[in-house]
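Every number here is computed from the coordinates shown, using simple stated rules; none is lab data. Bear in mind that the values here come from a model prediction, so they are computed numbers and not experimental data. Note: ideal-geometry Cβ built from the backbone for every residue, glycine included; neighbour counts use all protein chains shown.
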Amino acid sequence: MKPKVYLETTIPSYLTARPSRDLVTAAHQQITREWWDTRRHAFDLFVSQMVLNEAGAGDQEAAARRVAVLTPLPLLNPHEEEAELAQTLIEHVPLPTSAAADALHIAIAVVNGMDYLLTWNCTHIANATLRSRIEGVCRSKGFEVPIICTPEELLEG
């Protein structure tokens, strides 16, 4: 059985975006493409309706590219516990209310039993200083926490 990976919206965004002039962003785009081309088949990939909604927003051409890579992937079923866990993360990590979508991505991955949450959002999701608090909140609610990481961390197998 392959490990299960929840793709947060930054993954299809970096995967399908035109090459950036910013060196760090360009590196993240290249790493994401490399992971997608060489490693994604080692995992079962999942997205949520929230990811599809976010990916479908903005510039129509860019949105179409993002949605096209996501459409073949299985869609996770929503659970009532997701909103409650997201609110608890906002209150107890704490995360700013502006990070409500980030908290919901974490909650979706957690409640659905993902092995990994893959993201380039290092402000509120893949943030080493928040990781132990996120894990503590989720475990206090009876959930195991997926490994929250970037594609760079999943390149090696």
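For the residue pair ARG18 and VAL67, what label-to-label distance in nm results when each label sits 7 Å from Cα along the Cα-to-beta-carbon direction? Computed distance between label sites ARG18 and VAL67 equals 2.1 nm.
In terms of its alpha-carbon gyration tensor, region 82-131 comes out oblate; a/c meets the 1.5 threshold, while b/c is at least as large as a/b.
Peptides 89-101, 112-124 ranked from most to least packed give 112-124, 89-101, packing being the mean of other C-beta atoms within 10 angstrom over each peptide's residues. For every other residue with a beta carbon closer than 13 angstrom to the beta carbon of ARG39, add +1 if it is Lys or Arg and -1 if Asp or Glu, then tell me the sum. Once all neighbours under 13 Å are counted, the net charge is -3. With a simple spin-label model that places each label point 7 Å from the Cα along the Cα-to-Cβ direction, the separation between THR38 and ALA100 comes to 4.1 nm. Placing unit charges on the Cβ atoms only, positive for Lys and Arg and negative for Asp and Glu, gives the chain a dipole magnitude near 280 debye about its Cα centre. Under a model in which nothing but the beta-carbon of Lys, Arg (+1) and Asp, Glu (-1) is charged, region 58-139 shows a dipole of about 260 debye around its Cα centre. Ranked for footprinting exposure by Cβ neighbours inside 10 Å, fewest first, ILE134, ILE106 give ILE134, ILE106.
The length gained on full extension between HIS79 and ASN53, counted as 0.36 nm times the residue separation minus their Cα-Cα distance, comes to 7.6 nm. Listed by Cβ neighbour count within 10 Å, with the fewest neighbours leading, ARG21, ARG133 appear as ARG21, ARG133.
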